[in-house]
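Report on the following structure.
The values are calculated or read from the model by the stated rules, or taken from the named source; none is laboratory data. All figures in this text were calculated on a predicted structure; none of them were measured in a lab. Cβ atoms come from the backbone with ideal geometry, glycine included; neighbour counts cover every protein chain shown.
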Amino acid sequence: MHADGPALTERQQEILRYIYEFGQEWGFPPSIREIGAAVGTPHPSVISHNLRRLEEAGLIEREPRRSRGIRLTEAGLAFLSASTTGMIPPEGLVSIPLLGEIVAGEPIPVPSSDFSLMGAEETVELARSIFRDTSDLYALRVRGNSMIDALIHDGDIVIMRHTRRVENGEMAAVWLRDREETTLKRVYWEGKRVRLQPANPSMKPIYIDDPSQVEIQGKVVMVIRRLH
């Protein structure tokens, strides 16, 4: 790897960008066949070969035996943030406040129901080109493994967009008012109750019978994987 990052072929760069753009649009990674269709290569073996090269370069990680187990690493995001002449200049970066931790597991008490009150001693830097509007973005560090099937692991960082409403199935930071607890789950509005669904088959969903006790604080728009 040279100073400006790994040397990739044009096809590998196209695949890397498509993985990112697909994930932004759909909220989950593309399959090998979808990648092949997008880059004009119908042979899965060719895509698999290029994915191995991207993995060896440290730009993606793959979950074994998962058809959609592809994740851009921090290095992969940084590579996409680079210009054609090298790393982008500082004015091309935006600092996202890292406001604390969010639990992907059983909810635990937090100091406040509003993450913006917690302050931000750290930041996460992203290319301005990744998001058109960064004014309502913040970052949280994940604790726990209840969202591992959504490729979110303990220690990862999630980029959140502040919102008070999410659609069924979207991943959100949820504040439970009566319990004074917070958690990261997929949210499902089911009539007079709310289901907070983990993405881990070994864990059970949380059911909230009074929807007024559920406060959405933001939805996940990006995951930055911690390298192990």
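What the table below lists for this structure:
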| read-out | value |
| --- | --- |
| Residue selected from segment 94-127 under the condition within 21 Å of the chain's Cα centre (by Cα) and either of a type in the set (S, T, N, Q) or outside the structural domain of Leu140 (by TED's automatic domain parsing) (or both), by the criterion modelled with the lowest pLDDT | Ser116 |
| Search result, residues across segment 198-216 that are at pLDDT 90 or above and either crowded, with 20+ Cβ neighbours inside 10 Å or among the aliphatic types (A, V, I, L, M) (or both) | Ile206, Ile208, Val214, Ile216 |
| Any hit, segment 173-193, residues being out of contact with any strand residue (DSSP E or B) (no Cβ under 6 Å at 6 or more places or on another chain), closer than 24 Å to Phe131 by Cβ, modelled with pLDDT under 90 and not hydroxyl-bearing (Ser, Thr, Tyr) | no |
| Residues within segment 189-228 that are part of a loop (DSSP other than H, G, I, E, B), of a type in the set (Lys, Arg) and within 19 Å of Arg141 (Cβ to Cβ), tallied | 1 |
| Top-ranked residue of segment 149-176 - restricted to ones that are in a strand (DSSP E or B) and β-branched (Val, Ile, Thr), ranked as farthest from the chain's Cα centre (by Cα) | Val174 |
| Within segment 13-38, considering residues that are closer than 18 Å to Arg225 by Cβ and of a type in the set (D, E, K, R), the one surrounded by the most Cβ atoms within 10 Å (Cβ to Cβ) | Arg17 |
| Condition broken by Ser146, with the remaining ones in (1) surrounded by 17 or more Cβ atoms within 10 Å (Cβ to Cβ); (2) under 15 Å from the mean Cα position of the chain (by Cα); (3) modelled with pLDDT of 85 or more; (4) not hydrophobic (A, V, I, L, M, F, W, C) satisfied | (3) |
| Segment 177-188: number of residues that are surrounded by fewer than 19 Cβ atoms within 10 Å (Cβ to Cβ) and assigned to a strand (DSSP E or B) | 2 |
